[in-house]
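A short write-up of the structure that comes next.
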Amino acid sequence: QVPLKPGRSLMDWIRLTKSGKDLAGLKGKLIEVTEDELAKHNKKEDCWICIRGFVYNVTPYMEYHPGGEDELMKAAGTDGTDLFDQVHRWVNYESMLKECLVGRMAVKPIAAPKGEGFKNEIISIMLYSRTVLVLVVFSKLLALDLSLKKILNNVFGFYDWFQTDSLITIVIYTKQKDMNAELAIVDCEDKRLRGEIIVDDHSYLVEVGRCCNFACETFSLLVNIAEKVGKVEIILKKKDNIHWKMLGQPLEHHNTFIKRKDRGLFYRKCKLVSKMEVTHDTKLFCLMLPKSTHLRVPTGQHVYLKQIIAGTEVVKPYTPVLPFLPLDFKEPSHYDGAHIYLMIKIYSCGLFTQALDHLQIGNYISVSNPEGNFKKSQVQTSEDLFLLAAGTGFTPMVKLLNYALTEVSCLRIVKLIFFNKTDDDILWRNQLEQLVLKDERFEVQFILSQPSKDWVGKQGKISSSLLSEFVKRSRTDSKVLICICGPTPFAEQGVQ
């Protein structure tokens, strides 16, 4: 992020979008934009960007962009979808830039697939996941009477369902022998069933609507995982003991296997059940998942919170933590997967965190599916683990610490180097110090940039000389993993 000029905050941008000013510059008209026309608008004073087929005039947004003008200019006059997805796919640009909408990109003609190779082309088109191409896929499927289930069976698996008088069981055969509870995400509400199975950077989706009523409001969803054979069972209780003729009406993306980044984020509403102070400006929020939701956030991954603020959707990422650091190296028994804990710093001028802080117990907030690229296998093959954290960059380290000390026996050193401004800012200091006493492999080093006169520990900011003092191998040939999280300048300096 870069410092913004006074009057250029997110709230100021929201006010501008509601002022009635013509931000798109077309007096309310929408146009079809060719590639040549888009390329002409590539200057700071005249900048158009295409995201997922829609073109926006981001010229008036330049001074409000938290990442700075230079970041926006990387996509000036071009299709910036890939760049956008790399940096912040979670941002609801449709809501943020709706008053800057110029129009839709002109669609190029698509050649129809021919001959025996059509089956493979269907799969590649599905993975491409553009709306117009998906329409071509389904029209061709109908015309040629091909079974999408058989095609998916070749690359992933398939699903089936059966029933008793009181239960519905959906079975998904994934062909993945390393299935676990974190790879299955299921939501059932408002006569809609959505089951997503994660397979590396792809996902398979079962999604049907207009179902007969499930008794979701009184029945906790049951998801069984047969890890060795890769089978996932979703068990739901019927509201009425009647025979179902069909599972439900297939929705648009039902029975598809595509890249996760093309899937889009799915949200469910979670209830705020508690809010506890951790430090003077940081609180631990406990959110309860709906009873009809099965969701386990993997270690090292994050979720997005979504709130409507002044009529605009605002989204921010947060990494779930444990309710406390388990000193017996086991997750607390009451941490049953029904709750999500988030450690959030409340900024005095932060639009989103102030809105969170004003939530009352019993209020709801939208929580997304997990995202992230961290793999536990990276820890499993390491001997020395160093964690560099600044401020709330400590949050991804909480579950990682628990996992490393509980399940990775090959680790000889697990060291947390924790940077903060003052000693009052240190999150869970007492718990960390107790953890040091419980496991001889664990060390913690607190480093302050603005210490009090009474501070006797290390002082300074992240630097190569400081890190060389604390990041030392247990052996000359040991395998080392270093994880870093904090503000962008901190992370960049740490990488250097």
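Provide the per residue accessible area, probe 1.4 Å, for the chain, rounded to a whole number of square angstrom.
Averaged over the residues of the chain, the accessible area is 52 Å².
Just need the relative contact order of the chain here, percent rounded to a whole number, with Cα pairs under 8 Å and 6+ apart.
Contact order relative to length: 11 percent.
Arrange the peptides 429-436, 315-322 so that the one whose residues have, on average, the most other Cβ atoms within 10 Å appears first.
Listed from highest to lowest mean packing, they are 315-322, 429-436.
Within 10 Å, count the other beta carbons around each residue, average over each peptide in 391-398, 361-368, 33-40, and list them highest first.
With the highest mean Cβ count within 10 Å placed first, the list reads 391-398, 361-368, 33-40.
Points 7 angstrom from Cα along the Cβ direction at LEU322 and ASN42: gap in nanometres?
Using points 7 Å along Cα→Cβ, the separation is 5.3 nm.
Just from its helices, what would the mean residue ellipticity at 222 nm be for the chain, if runs of 4 or more DSSP H residues each count -39500 (n - 2.57) and the sum is divided by every residue, rounded to the nearest 500 deg cm²/dmol?
-6000 deg cm²/dmol
How much net charge surrounds SER95 when only other residues with a Cβ under 15 Å from its Cβ are counted (Lys, Arg +1; Asp, Glu -1)?
+4
If the reach is capped at under 26 angstrom between alpha carbons, list the lysines near LYS40, excluding any in the same chain fewer than eight residues apart.
Cα-Cα hits under 26 Å: LYS21, LYS27, LYS29, LYS74, LYS98, LYS108.
Sorted by packing (mean other beta-carbon atoms within 10 Å per residue), highest first, where do 410-418, 273-281 land?
Going from most to least packed, we get 410-418, 273-281.
Using alpha carbon centroids, what distance separates the range 23-73 and the range 372-437, in Å?
Here the answer is 42 Å between Cα centres.
In straight Cα distance, which lysines are under 19 Å from LYS177, not counting same-chain residues fewer than 8 positions off?
Leaving aside lysines fewer than 8 places away in the same chain, those within reach of LYS177 are LYS228, LYS231, LYS375, LYS376.
Using a Förster distance of 51 Å, how high is the FRET efficiency between GLU94 and VAL436, based on the Cβ-Cβ distance and rounded to 0.05?
0.60
Any idea what the relative contact order of the range 167-212 is, in percent, if you count C-alpha pairs under 8 Å spaced at least 6 apart?
27
Work from the charge dipole of the chain (Cβ charges, +1 for Lys and Arg, -1 for Asp and Glu, about the Cα centre) and give the residue of PHE386, GLN360, TRP244 farthest towards its positive end.
TRP244
Taking the square root of 5 times each eigenvalue of the Cα gyration tensor, what semi-axes in Å does the equivalent ellipsoid of the range 385-427 have, largest first?
22, 10, 7
Starting from the Cα of ASP190, step 7 Å toward the Cβ, then list every residue of the range 263-306 with an amide N under 13 Å from that point.
Only 267-270 fall inside the zone, counting backbone N under 13 Å.
Tally the DSSP beta bridges in the chain and give the antiparallel ones as a percent, rounded to 5.
The antiparallel fraction comes to roughly 75 percent.
Rounded to whole Å and sorted largest first, what semi-axes of the equivalent ellipsoid does the C-alpha gyration tensor of the range 25-77 yield via the square root of 5 times each eigenvalue?
18, 12, 10
What is the sum of charges around GLY20, taking Lys and Arg as +1, Asp and Glu as -1, for the other residues whose C-beta is under 14 Å from the C-beta of GLY20?
The answer is +3.
Please list 3J(HN,Hα) in residue order for the range 291-306, calculated via the Karplus relation 6.51 cos²θ - 1.76 cosθ + 1.60 where θ = phi - 60°; whole Hz, with x for glycine and proline.
Along the range 291-306, the couplings run 4, 8, 10, 10, 8, 10, 7, x, 4, x, 10, 10, 10, 10, 9, 10 Hz.
The values are calculated or read from the model by the stated rules, or taken from the named source; none is laboratory data. These numbers come from a predicted model, not from an experiment. Ideal geometry is used to build each Cβ from the backbone, glycine not excepted, and the neighbour counts take in all protein chains shown. Side chains included, ligands, DNA and RNA excluded: accessible areas come from the protein's heavy atoms. Shrake-Rupley method; radii C 1.70, N 1.55, O 1.52, S 1.80 Å.
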